[in-house]
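Following: one structure in structure tokens, then a few remarks.
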Amino acid sequence: MPKAVISAGAGAVAAVLSATASQAADFNSVTAPTIVEMLESQGLPVVTGFRRPSGDPYVRTRASGIDYTVLFYKCRKARRPRPCQHIMYMARYKLERPLSLLQMNEWNRRVHFQRGYLVRDRATGQWTGARLEMDVILAERGWIRPKTLLPSFIVFHRTNRRFFNLIRSRKGERHERIPGAKDL
């Protein structure tokens with residue numbers, strides 16, 4: 001009799017643990033509708049879509065003249081909307097004047113948690129664009145709600161304003177504001 005009780009109890013514990021393991025990916029996951037809600041709460045326009053071939057979602061918006069993309073990674077394919085374990089904020093720029101790799105490396109040395117890149121035109125081989133990216137940490141259960149994700153987006157937006165000054169400024173024009181800039 002005691003062996004039957006122990007094996008029944010072990011079976012119940014195993015069932016609970018397997019259910020918990022299958023839901024564990026959702027504890028620190030985010031979906032596109034969560035990001036859409038966060039952006040719309042700030043009055044920003046939103047466009048959504050899916051990347052090929054992965055089918056992972058993306059969200060695009062525009063704030064203060066900057067085009068932002070939120071990319072989702074490691075998404076569960078069986079569910080809709082897809083819960084994803086990683087997101088990254090990205091902003092792209094066309095360079096109006098040349099920027100050296102040395103300047104970009106100096107930027108990356110001074111700014112933490114975000115990274116800037118120069119983008120080369122395939123046809124001409126010239127550095128014609130720049131990109132700023134920030135990975136968002138989705139660490140704890142219950143942290144991933146629109147109101148708790150908003151501060152990370154605001155930090156990224158403010159850093160983009162400084163990045164904009166780097167890629168657009170000339171000597172003596174260091175504190176130029178982005179046209180139509182809105183304080184988030």
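The values are calculated or read from the model by the stated rules, or taken from the named source; none is laboratory data. Here the structure is a predicted model, which means the values were calculated and not measured. Heavy atoms of the whole protein, side chains included, go into the accessibility calculation; ligands, DNA and RNA do not. Shrake-Rupley method; radii C 1.70, N 1.55, O 1.52, S 1.80 Å.
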query: Out of residues 5 or more away from C75 or on other chains, whose amide H comes under 5 Å of its own, with H placed 1.01 Å from N in the peptide plane?
result: Q85
message: Taking the full set of protein chains and a 1.4 angstrom probe, give the accessible area of T48 in square angstrom, rounded to the nearest 10.
response: 80 Å²
query: What residues have an amide H closer than 5 Å to that of L95, excluding those fewer than 5 places away on the same chain, when H is modeled at 1.01 Å from N in the peptide plane?
result: G129, A130
With DNA, RNA and ligands ignored, accessible area of W107 (1.4 Å probe; Å², nearest 10): 10 Å²
statement: With all protein chains in place and a 1.4 Å probe, Y58 shows an accessible area in Å² (nearest 10) of 40 Å²
- prompt: Given H placed on each backbone N at 1.01 Å, which residues far from R51 in sequence or on other chains put an amide H within less than 5 Å of it?
  reply: D56, Y58
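Order S41, S29, most accessible first, counting only protein heavy atoms with a 1.4 angstrom probe.
Numbers: S41 80, S29 15 Å².
I get S41, S29, largest accessible area first.
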